[in-house]
Amino acid sequence: MGTSHPCPPLKYLSNKVRGMLCHCGSQNKYARLDAKLEKKMIEVKKSSSGHSNFKSIDSVIVRFPQFKDGLKNIKSVFEQYDKDSNGTIDREELKKCLEELQLHLKEEEIEDLFKSCDIDGSEGIQFNEFIVLLCLIYLLTTPSSSSMSKMGSPQLKATFDAIVEVFLFLDKNGDGRLNKKDMVKTLNESYPREKSPAHVTRTRFEEMDWDRNGKVSFREFLFALISWIGIDNDEEIAEME
């Protein structure tokens, strides 16, 4: 994005948080789930008509308020299953939640999701992590209409679908992951006469590439997107009040 048309401020991850994510986010911990996600995104990309509601990074940013509204409605579900009201959902609470939402997953699948979404290694799923977990379940399984309604919002399916569409828009070569070349191309498409400065592209990419492997999985993309649209900010404000 050009220097005279700066991208709206996004929430930067602190060095402390980045270090924590790199420390606890080994390749082995995430490899199995991310491989499934990569395969799924390739399938979705191939089956899509090629039409996209997103034509530029600006068309993505303008949808942030809608994404935020759709995702905030999951809060009531989170609070319902956070039985001890400590702000996190542990493994047993998660199993109970999935059971009551009629989301039938194998023990191995639940463990993969828990480990891959518990990014700070706290042994508990926080609200932003819970959003990612539900979106991954939605993408990798076929939730019933009853399951979706129990998640608390008729907007939720549309919100998840739109987020997937954003990822597909950014994934220019359709390999199921994002790379820096994808990001450079997307940022420069908005302002073709003003190529995005290298440091801007690098910063935006680093905000997503938490494990520093040069590729961004759908899971990493989700965490970055939730931070950018301000879900985390709302949580911090609520804790201070």
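Just a few scattered comments:
- From Gly50, Gly70, residue being closer than 26 Å to Ile119 by Cα and either open to solvent by less than 90 Å² (accessible area, probe 1.4 Å) or hydroxyl-bearing (Ser, Thr, Tyr) (or both): Gly70
- Pairs, first farther than 14 Å from Leu133 by Cβ in segment 62-80, second polar (S, T, N, Q) and in a helix (DSSP H, G or I), C-beta under 7 Å, six or more apart: Phe67/Thr159; Gly70/Thr159
- Test: residue in segment 140-163 that is in contact with a strand residue (DSSP E or B) (Cβ under 7 Å, 6 or more places away or on another chain) and outside any loop (DSSP other than H, G, I, E, B): no
- In the set (1) under 26 Å from Gly176 (Cα atoms); (2) open to solvent by 20 Å² or more (accessible area, probe 1.4 Å); (3) part of a helix (DSSP H, G or I), the condition left unmet by Lys95 is number (1).
- If you go through segment 176-205 and keep only what is buried (at least 19 other Cβ atoms within 10 Å of the Cβ), modelled with pLDDT under 85 and not in a helix (DSSP H, G or I), you end up with just Ser196.
- Some residue of segment 105-118 being among the charged types (D, E, K, R), crowded, with 21+ Cβ neighbours inside 10 Å and within 14 Å of the chain's Cα centre (by Cα): yes
- Within segment 34-67, the only residue that satisfies the criterion of being small (Gly, Ala, Ser), in contact with a helix residue (DSSP H, G or I) (Cβ under 9 Å, 6 or more places away or on another chain) and outside any loop (DSSP other than H, G, I, E, B) is Ser59.
- Hey, Asn173 assigned to a helix (DSSP H, G or I) and either at pLDDT 85 or above or within 23 Å of Tyr30 (Cα to Cα) (or both) or not: no
- Residues in segment 98-139 that are part of a helix (DSSP H, G or I) and of a type in the set (D, E, K, R): Glu99, Glu100, Glu107, Glu108, Glu109, Glu111, Asp112, Lys115, Glu129.
- Here the condition is being open to solvent by 60 Å² or more (accessible area, probe 1.4 Å) and either at pLDDT 90 or above or closer than 30 Å to Ser147 by Cβ (or both); of Lys83, Lys16, Lys55, it holds for Lys83 alone.
The values are calculated or read from the model by the stated rules, or taken from the named source; none is laboratory data. These figures come from a predicted structure and were not determined experimentally. FYI the Cβ positions are ideal-geometry reconstructions off the backbone, even for glycines, and counts take in every protein chain you see. Each accessible area value is taken on the protein alone, full model and side chains, heavy atoms only, with ligands, DNA and RNA left out. Shrake-Rupley method; radii C 1.70, N 1.55, O 1.52, S 1.80 Å.
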